[in-house]
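A quick write-up on the structure given underneath.
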Amino acid sequence: MEVINTIGRRKTSVARLYLQAGKGEITVNAKELKEYFPTEVLQTIVRQPLATSGTEGNYDLKINVDGGGVAGQAEAIRLAISRALCEIDPEHRPALKKEGFLTRDPRMVERKKYGRRKARRKFQFSKR
């Protein structure tokens, strides 16, 4: 099996994934998954597509992720893994789509507007 390359995005995070047959090792930015994402919640987010498709331990994942925070990075990785699993076997698609793992979350931070403190927050009004 050749290496499958996919990309996943969330907010300002971009995850590039290289998936190949193996023993189930997951490396993120040359670190082990547990080292890069210390909390159990983020590790679960990354592993969700593999658990849903029942392919845990079948593939080695090498991931390069950049930008954003840890939660955005974890969700970008989840999208990349889901896309790669669909590329390998189209039968995984219905289960992953039902869970919402194939949808790119379009929500981004709203830009700050001039004449305001934040995107929507106005300056404090003083009557006197």
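The values are calculated or read from the model by the stated rules, or taken from the named source; none is laboratory data. All figures in this text were calculated on a predicted structure; none of them were measured in a lab. Neighbour counts are summed over all protein chains in view; Cβ atoms, including those assigned to glycine, are modelled from backbone coordinates with ideal geometry.
Does Ala74 count as at pLDDT 95 or above, touching a strand residue (DSSP E or B) at 6+ places or on another chain (Cβ under 7 Å) and assigned to a helix (DSSP H, G or I)? Talk me through it step by step, then tell me what you get.
Numbers: at pLDDT 95 or above: yes; touching a strand residue (DSSP E or B) at 6+ places or on another chain (Cβ under 7 Å): no; assigned to a helix (DSSP H, G or I): yes.
For Ala74, the condition - at pLDDT 95 or above, touching a strand residue (DSSP E or B) at 6+ places or on another chain (Cβ under 7 Å) and assigned to a helix (DSSP H, G or I) - is not met.
For region 1-44, what are the residues that are aromatic (Phe, Trp, Tyr) and under 12 Å from Asp60 (Cβ atoms)?
Across region 1-44, the qualifying residue is only Tyr18.
Would you mind telling me which numbered condition in (1) buried (at least 16 other Cβ atoms within 10 Å of the Cβ); (2) closer than 18 Å to Tyr36 by Cβ; (3) free of Cβ contacts under 8 Å to residues at least 60 places away in the same chain Asp66 fails?
Checking Asp66 against (1) buried (at least 16 other Cβ atoms within 10 Å of the Cβ); (2) closer than 18 Å to Tyr36 by Cβ; (3) free of Cβ contacts under 8 Å to residues at least 60 places away in the same chain, the one that fails is (1).
Among the numbered criteria (1) without any contact (Cβ under 8 Å) to a residue 60 or more places away in the chain; (2) in contact with a Lys or Arg (Cβ under 8 Å, 6 or more places away or on another chain); (3) among the hydrophobic types (A, V, I, L, M, F, W, C), which one does Ala80 miss?
Against the list (1) without any contact (Cβ under 8 Å) to a residue 60 or more places away in the chain; (2) in contact with a Lys or Arg (Cβ under 8 Å, 6 or more places away or on another chain); (3) among the hydrophobic types (A, V, I, L, M, F, W, C), Ala80 comes up short only on (1).
To keep it simple, each residue is scored yes or no on (1) among the aromatic types (Phe, Trp, Tyr); (2) closer than 21 Å to Arg104 by Cβ; (3) surrounded by 14 or more Cβ atoms within 10 Å (Cβ to Cβ).
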position	(1), (2), (3)
Tyr36	yes, no, yes
Leu42	no, yes, yes
Ala51	no, yes, no
Lys62	no, no, yes
Leu85	no, yes, yes
